[in-house]
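To start, the structure itself, in structure tokens.
The values are calculated or read from the model by the stated rules, or taken from the named source; none is laboratory data. Computed from a prediction, not measured in an experiment: that's the story for all the values here. Cβ placement follows ideal geometry from the backbone for every residue including glycine, while neighbour counts extend to all protein chains displayed.
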Amino acid sequence: MLIKTLKQVSHRFFNAVAFYTRLPAPNWVIYNSDNLNRASAYFPLMGQILAGWCFLVFVLCLQVFPSEISLLITMIAGILFTGAFHEDGFADACDGFGGGWAQQDILRIMKDSRLGTYGVTGLTLMLAVKFFALYHLTLNEQLSLLIYLLVAHGVSRALAISFILVLPYVQDLDASKSKPIAQQVFKRDILLAWAIALVPLYWLPLQAYGVLLLVLGISFFAIYRYFKQRLQGYTGDALGAAQQIFEVLIYLVLLGLAT
């Protein structure tokens, strides 16, 4: 029984690795819709692995370059790690919500592989805010930056997949990047995702909990209402956009508390 459970966990974990990152995964793993659907439990863990990778790149770059260049290289390394998976969703969502009004117009624009003015503008501004927020956070000791990255990447992903519990999927499954995770959701997987995401919060100052809870709670409800009103549900791009928004919000809250 234990061996069977460990095999299931390993299959789901490596399905998450293959889907959410550009890391190589072993050939013996069974890649199918069921394993990938259950791999959503490890979505925050993928973010925390990404956070560790980014911190390592930043520390190594600091040995040669000033902090601004090191941080820019770190952001590039992070984008390469995921293949711009979530940034692409954010840009598509900006185009969709900015250029469409009715649900079908928004969905049609989101599916378009071309990037429009709203997408370029939104992505540029989002990356700029992320860069400057992280830059000022790096002025504290380096170990604090690692905690900030772990919290932001993990919690933002747990929040994003939580929309699956409260909203229906509204896009043609055959045309969606999130097809495997949109067909079914298990509450225990979401609970595991949150358990993983909340671990790094142990190292945050006590006063940060209340502020983070308030800001992220209000933001989650606002995004939920927006998706429900404009889309009548969620799409893969919408989840990617939500993850990026939550990540930036966490950086801004932590920066405000630090300063």
Next item on the list: Take region 192-231 and flag every residue that is modelled with pLDDT of 95 or more and exposed (fewer than 12 other Cβ atoms within 10 Å of the Cβ).
Entry: L214, G217, I218, F221, A222, R225, Q229
Next item on the list: Confirm whether L60 is surrounded by fewer than 19 Cβ atoms within 10 Å (Cβ to Cβ) and either touching a residue at least 12 places away in the same chain (Cβ under 8 Å) or among the hydrophobic types (A, V, I, L, M, F, W, C) (or both).
Entry: yes
Checklist line | Out of G47, G52, G98, G78, sole residue that is over 21 Å from Y148 (Cβ atoms) and in a helix (DSSP H, G or I) | finding: G98
Next item on the list: Considering only region 5-40, state which residues are more than 21 Å from G83 (Cβ to Cβ) and touching a residue at least 60 places away in the same chain (Cβ under 8 Å).
Entry: R38
Item checked: Of all residues in region 100-123 being of a type in the set (S, T, N, Q) and surrounded by 13 or more Cβ atoms within 10 Å (Cβ to Cβ), the one that is farthest from P168 (Cα to Cα) -> T121
Item checked: Single condition I76 does not satisfy, out of (1) surrounded by 14 or more Cβ atoms within 10 Å (Cβ to Cβ); (2) among the aliphatic types (A, V, I, L, M); (3) under 27 Å from T124 (Cα atoms) -> (1)
